[in-house]
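Contents: one structure, followed by commentary.
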């Protein structure tokens, strides 16, 4: 603390550096302040929307003694919306014929998922989740409309287009901007979230239920139970969307390709070998788009996808953390070759902790997502290729179990073998990213079901 006002060895203004990427960044100025600063940081980090806080402790302050003790944590219930505004939301719901739910990341926290499922079961209204809300409703439920959030029109978008009311729950427009699903700003919208709606010309809710999401849904559920006779919906188009999307997800389930494996097959087999509570972590790259569209969940927080800032290199250290929190579950990190190599040193951490996880690397020797986007925009792409290590030798050098699979029919068995092995396992597959262009073409020619 005595050198921070002048040029000094290895000194930088760390607090200012972290401010743009944290909810709160602060330097401890006196050792007696530590309990208050810690409690404030924890409380802010847990407050909606949750996020990281940064605390700086100078080395000379760290050496000082103090008589203060930590503050006792106290938990409080969040407030909910009042009855009048919930009544208004229910009135709007009764006026609609084709309502739909767009569920965001806020629905997989606390008790919100339970109340959302209860609401869908009572009303039959379909729920489409954003990438970061997978598992908010069970994929096997008849009201699950899978995932929405690709920048191009998909089958699920058809259900939103046909809706006369969009109920957004725990929704953050960073995930899927409303200009993509409400381009003329004409949709009636009910906004249910911990925070008021962001001001946006494409997102102008008629009613906002601001407060604890689970409690707001509980209040709606009470009204549905008491007055369900006022609800008269036509949800047949949503059922058709679900049927067509289900068929599309299964198209390559029985692939027998050799030399390369399609993304759709890789994700079908991953879903088959993982239980309802097992965890998938998606890194960032072309595979993230495929996971978003083709991997679906039974429970909240069982598919973690970084969206918004899109942090490459996330999946391997994230999988280690998932194993530490849930050592009884299977944990699968799905990475591109570029993303995996960005944090390859964490293989040592996984080995030291003897983490039972599997890292599946989709190898294409390139920055595949960047190539995909450049190709779509310009009809060509820059040189984005690179070389890779020998995956089996890399695994062996870190003490991991190593596998390479290039036959589609062998993938499920190889995944199962990797999960049954003790300690961390690396599975590399040559991915067939020719499917990227085919998906782009498919999404450009979507015919909405009636």
Restricting the search to the stretch 197-230, which residues are outside any helix (DSSP H, G or I) and closer than 14 Å to residue 82 by Cβ?
-> 207, 208, 209, 210, 211, 212
Under the condition of being closer than 17 Å to residue 402 by Cβ and outside any helix (DSSP H, G or I), which residue from the stretch 335-344 is farthest from the chain's Cα centre (by Cα)?
-> 344
Report whether or not residue 324 is farther than 22 Å from residue 269 by Cβ, assigned to a helix (DSSP H, G or I), in contact with a helix residue (DSSP H, G or I) (Cβ under 9 Å, 6 or more places away or on another chain) and in the same structural domain as residue 274 (by TED's automatic domain parsing).
-> no
Might you check whether a residue that is buried (at least 21 other Cβ atoms within 10 Å of the Cβ) and in contact with a strand residue (DSSP E or B) (Cβ under 7 Å, 6 or more places away or on another chain) occurs anywhere in the stretch 219-234?
-> no
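Could you check, for the stretch 108-115, whether at least one of its residues is touching a strand residue (DSSP E or B) at 6+ places or on another chain (Cβ under 8 Å) and assigned by TED's automatic domain parsing to the domain that holds residue 178? Reasoning before the result, please.
Residues of the stretch 108-115 that are touching a strand residue (DSSP E or B) at 6+ places or on another chain (Cβ under 8 Å), as a first pass: 112.
Next, from what is left, pick out any that are assigned by TED's automatic domain parsing to the domain that holds residue 178: 112.
Looking for residues that are touching a strand residue (DSSP E or B) at 6+ places or on another chain (Cβ under 8 Å) and assigned by TED's automatic domain parsing to the domain that holds residue 178, one finds at least one in the stretch 108-115, hence yes.
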Any chance residue 201 is in the same structural domain as residue 131 (by TED's automatic domain parsing), within 16 Å of residue 129 (Cα to Cα) and out of contact with any strand residue (DSSP E or B) (no Cβ under 6 Å at 6 or more places or on another chain) | no
Exactly one of (1) out of contact with any strand residue (DSSP E or B) (no Cβ under 7 Å at 6 or more places or on another chain); (2) free of Cβ contacts under 8 Å to residues at least 60 places away in the same chain; (3) farther than 23 Å from residue 409 by Cα is unmet by residue 347. Its number?
-> (2)
Over the stretch 414-450, the set of residues in a helix (DSSP H, G or I) and at pLDDT 95 or above is 414, 415, 416, 417, 418, 419, 420
Working carefully through the options 392, 384, 369, find the one that is in contact (Cβ under 8 Å) with a residue 40 or more places away in the chain and in the same structural domain as residue 266 (by TED's automatic domain parsing).
-> 369
Near pairs, Cβ below 6 angstrom, 6+ apart or cross-chain, from the stretch 1-15 (surrounded by 11 or more Cβ atoms within 10 Å (Cβ to Cβ)) to any residue that is in a loop (DSSP other than H, G, I, E, B) | 1/58
All but one of (1) buried (at least 23 other Cβ atoms within 10 Å of the Cβ); (2) more than 20 Å from residue 273 (Cβ to Cβ); (3) more than 18 Å from the chain's Cα centre (by Cα) hold for residue 354; which doesn't?
-> (1)
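What residue, of 421, 359, is crowded, with 17+ Cβ neighbours inside 10 Å and either within 12 Å of residue 337 (Cβ to Cβ) or in the same structural domain as residue 320 (by TED's automatic domain parsing) (or both)? Please lay out each step first, then the result.
Working: 421 fails: crowded, with 17+ Cβ neighbours inside 10 Å.
Criteria check complete, one pass: 359.
The values are calculated or read from the model by the stated rules, or taken from the named source; none is laboratory data. Nothing here was measured: the structure is a model prediction, and the numbers come from that model. Neighbour counts run over all protein chains shown; Cβ positions are idealised from the backbone, glycine included.
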